[in-house]
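Report on one structure; see the data block that follows.
The values are calculated or read from the model by the stated rules, or taken from the named source; none is laboratory data. Note that the coordinates shown come from a computational prediction; the quantities given were computed from them, not determined experimentally. All Cβ positions, glycine included, derive from the backbone under ideal geometry; neighbour counts span all protein chains shown.
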Amino acid sequence: MDSATLHEEIHSFFESAPPLKESAKITDKLNRFIHFDSPSPGKGRRVVCVTSGGTTVPLEQRCVRYIDNFSSGHRGAASTEYFIKAGYKVILLYRRGTCQPYCSSLPEDPLLECFELADDSDFRVRQSHSEAVKGAIMNHHAAVAGGLLLKLPFTTIFEYLQMLRIIASSMKSLEYHAMFYLAAAVSDFYVPWKSMAEHKIQSASGPLDMRLMQVPKMLSVLRTEWSPSAFCISFKLETDSKILLEKANMALKKYKMHSVVANELLTRKEEVTVVTENGNISVRRDKTRPGSEVEDPLVELLVKKHSTYINDAIAQDL
Ligand code: PMT
């Protein structure tokens, strides 16, 4: 596809999208977060935008049914913790209801399972969960109060792409210090808002024929226009290992990514392959350490690559 057609498709995607609620408030939050404690924007602390969870595609404007994309949000939540540990500020663009940073040791339904009634008017943390709850609260509070974590939720593909565009524009001034870590599972097909049924589609009308349009890949405009100096990592998920690395390599070249993290559905928590123009690097979870996560060595590797990228950019500027 040539660049004019892509731009046309992107323009028509955003034109037809329902307006993002509170976009001015989101922009304001982002600007305060990015520049808080960074006296000279662009020279301050590194900021990474981590995307996490799957986007939905509504089938009706007053949505009863939707198409979903698989992602538990674990990759994004765990990576957020390791980026913060490495000294980054993290903007976490996450799907509502998916895994959250610092919550992996909590039960699935923390409110109901972590607390018990003390008497008729009060409640307390169950003894068995008190260490996990205390740790989660303390770590989360330290990250948010310390200006290191900003969480922005999305549900639909429209919200996700509009928010990604706002985030990228807000991060543009950080130049080489900005990083995008695009782990979200983003819908490839959608129903344009204006051609979508307003009310619940009726089953009495018989089998449903629906034409889905292709969601334009935003990776190239992110790289060339929204935040052109940022360090960009995209992800590639496949279920067939035979085509995984080839597809990741194609994405690396086509969208001019700095690295593509290739992962297979069944082994994604054990190992990933970081595909770069200088070759592939296999990253595995340290099985000898109980509770270890593959995101730990993965983030460590990408932070090193980002440092090299910044140093090269500074050397070129001199
Ligand atoms: O959340 P978990 O359960 O822990 O799982 C993590 C994960 C498997 C979801 C994650 O590691 C992962 O691989 N995420 C990307 C999944 C994917 O489906 O990729 P894709 O082939 O649809 O897209 C590749 C890249 O293009 C992505 O970085 C995406 O942000 C981007 N994209 C996709 C579609 C689109 N229309 N525009 C895009 O920019």
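What to note about this one:
- Unmet criterion (only one of (1) surrounded by 13 or more Cβ atoms within 10 Å (Cβ to Cβ); (2) over 30 Å from M210 (Cα atoms); (3) not aliphatic (A, V, I, L, M)) for S16: (2)
- Within region 264-283, the residues that satisfy the criterion of being touching a helix residue (DSSP H, G or I) at 6+ places or on another chain (Cβ under 8 Å) and within 10 Å of the ligand (Cβ to nearest atom) are E264, R268, K269, V272.
- Among residues that are crowded, with 19+ Cβ neighbours inside 10 Å and within 8 Å of the ligand (Cβ to nearest atom), L252 is not included.
- Whenever a residue of region 275-304 is in contact (Cβ under 8 Å) with a residue 24 or more places away in the chain, its partners that are of a type in the set (D, E, K, R) and assigned to a loop (DSSP other than H, G, I, E, B), lying with C-beta atoms within less than 6 angstrom and at least six residues away or across chains, give the pairs V294/R285.
- Any chance G54 is in contact (Cβ under 8 Å) with a residue 60 or more places away in the chain, within 13 Å of the ligand (Cβ to nearest atom) and either over 14 Å from L150 (Cβ atoms) or surrounded by 16 or more Cβ atoms within 10 Å (Cβ to Cβ) (or both): yes
- Residues considered: L30, L93. Of these, the only one that is away from the ligand (no atom under 16 Å from the Cβ), buried (at least 19 other Cβ atoms within 10 Å of the Cβ) and in contact (Cβ under 8 Å) with a residue 24 or more places away in the chain is L30.
- So F158, is it in contact (Cβ under 8 Å) with a residue 24 or more places away in the chain, in a strand (DSSP E or B), within 14 Å of the ligand (Cβ to nearest atom) and closer than 30 Å to A17 by Cα: no
- Residue match in region 234-241 (condition: under 30 Å from L298 (Cα atoms), more than 8 Å from the ligand (Cβ to nearest atom), modelled with pLDDT of 95 or more and among the hydrophobic types (A, V, I, L, M, F, W, C)): no
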